[in-house]
Amino acid sequence: VVEAYKRGLRPAVGYELNPWLLCLSNYRAWKAGYGGKVSFLKEDLWKVNLSDCYNVIVFLAPSVKPPLAAKLLAELPDEARVVAGRFPFPSWTPTSTLGQGLEQVWAYDMKEVRQAARSGAEGSPV
């Protein structure tokens with residue numbers, strides 16, 4: 001979230017349910033000089049409406065990616081970009097990637113993800 005803010009993405013908001021990780025995130029943002037500029041909210045990602053988000057960054061386990069992909073497809077606008085750290089979305093083709101190993105990230109443009117999903121659905125037998 002801090003890095004997103006540094007790169008000009010506003011607002012820069014993180015969601016976390018674990019109170020310890022929430023405190024740690026707020027502390028690290030404050031220590032880095034970004035307290036009050038970024039925010040971390042105690043929210044359930046599955047209950048948050050993401051329809052007004054244009055930049056989404058996720059660091060989640062592979063098992064969470066398929067249901068999250070469905071949520072993002074349903075809620076994000078075509079102009080949104082999703083960046084996944086550590087683990088890619090298994091059924092999406094990234095627009096770009098950066099880094100290697102544990103430091104690798106995958107970027108997905110929702111318009112392209114939707115086009116690929118429609119093309120795949122059209123080509124499969126009913």
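The values are calculated or read from the model by the stated rules, or taken from the named source; none is laboratory data. Just so you know, these numbers come straight off a predicted model, no measurement behind them. Cβ coordinates were reconstructed from backbone atoms using ideal geometry, including for glycine residues, and neighbour counts include every protein chain displayed. We work out accessible area using only protein heavy atoms, side chains counted, and drop any ligands, DNA or RNA first. Shrake-Rupley method; radii C 1.70, N 1.55, O 1.52, S 1.80 Å.
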By residue number, the members of region 75-107 that are over 19 Å from L45 (Cβ atoms) and in contact with a Phe, Trp or Tyr (Cβ under 7 Å, 6 or more places away or on another chain) are E79, P94, T95, T97
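How many residues are open to solvent by less than 90 Å² (accessible area, probe 1.4 Å) and either of a type in the set (D, E) or in a helix (DSSP H, G or I) (or both) if we restrict to region 55-66?
Looking only at that region, the number is 4.
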Taking region 1-36 and keeping only residues that are part of a loop (DSSP other than H, G, I, E, B), open to solvent by 70 Å² or more (accessible area, probe 1.4 Å) and more than 29 Å from T95 (Cα to Cα), one is left with L17, G36
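Is it the case, given these coordinates, that P90 is closer than 19 Å to V1 by Cβ, open to solvent by 80 Å² or more (accessible area, probe 1.4 Å) and assigned to a loop (DSSP other than H, G, I, E, B)?
Values: closer than 19 Å to V1 by Cβ: no; open to solvent by 80 Å² or more (accessible area, probe 1.4 Å): yes; assigned to a loop (DSSP other than H, G, I, E, B): yes.
The answer is no for P90.
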Exactly one of A117, A84, A69 is under 21 Å from Y5 (Cα atoms) and either surrounded by 14 or more Cβ atoms within 10 Å (Cβ to Cβ) or touching a Lys or Arg at 6+ places or on another chain (Cβ under 6 Å) (or both), and that one is A84
Listed by first then second residue, the pairs whose first member lies in region 1-20 and is acidic (D, E), whose partner is open to solvent by less than 60 Å² (accessible area, probe 1.4 Å) and modelled with pLDDT of 90 or more, with beta carbons under 6 Å and at least 6 positions apart or on separate chains, are E16/L22; E16/F40
When restricted to P66, P62, the only residue touching a Ser or Thr at 6+ places or on another chain (Cβ under 9 Å), in the same structural domain as V105 (by the TED database) and under 21 Å from W106 (Cβ atoms) is P66
Flagged in region 37-54 as surrounded by fewer than 17 Cβ atoms within 10 Å (Cβ to Cβ) and not hydrophobic (A, V, I, L, M, F, W, C), in numbering order, are K37, K42, E43, D44, K47, N49, S51, D52, Y54
V105 fails exactly one of (1) without any contact (Cβ under 8 Å) to a residue 24 or more places away in the chain; (2) more than 21 Å from V13 (Cβ to Cβ), namely (2)
Condition set of a type in the set (K, R) and touching a helix residue (DSSP H, G or I) at 6+ places or on another chain (Cβ under 9 Å), scope region 43-94, selection modelled with the lowest pLDDT: answer is R86
